[in-house]
Amino acid sequence: MTTYRKQAIALEYGANTTPVVTAKAEAELAEQLIEEARRQGVYVTEDPQLVALLSRLNVDQEIPPELYTAVAVILSWVYWLKGMRPGDEKKAPAPDQVA
């Protein structure tokens, strides 16, 4: 019997040319990572197959080309939810948007 352990992988794209793994966690720490992400307004999706592949990477490692399509699907969903278009995250904020 295989025991399932909750896993969470955080990716950052933004100013990077390729998405980068920024955090990895399992079990209770994974739950805490997901909970904090949601509190911070980070969109969370569940894809066990993608998490299994991403969990092989190290923190600060760029995703490999063979995962581009799978991650692009997730990113397109996030862009749509935020009302953004690809490339918007790389633009400097307008002067009236600077905090």
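Of all residues in the stretch 13-32, those satisfying the criterion of being under 26 Å from Asp88 (Cα atoms) and either without any contact (Cβ under 8 Å) to a residue 40 or more places away in the chain or over 12 Å from the mean Cα position of the chain (by Cα) (or both) are Ala15, Asn16, Thr17, Thr22, Ala23.
Within the stretch 8-65, the residues that satisfy the criterion of being of a type in the set (Gly, Ala, Ser) and either under 19 Å from Trp80 (Cβ atoms) or in contact with a His (Cβ under 8 Å, 6 or more places away or on another chain) (or both) are Gly14, Ala37, Gly41.
Can you name the residue in the stretch 45-99 that is farther than 26 Å from Ala30 by Cβ and of a type in the set (A, V, I, L, M) and, of all such residues, is modelled with the highest pLDDT? Step by step, filter the stretch 45-99, then rank; the result is Met84.
The values are calculated or read from the model by the stated rules, or taken from the named source; none is laboratory data. Not measured: the values here are computed from a predicted model. Because the Cβ atoms are built from the backbone with ideal geometry, glycine has one as well, and the counts that use them run over all protein chains shown.
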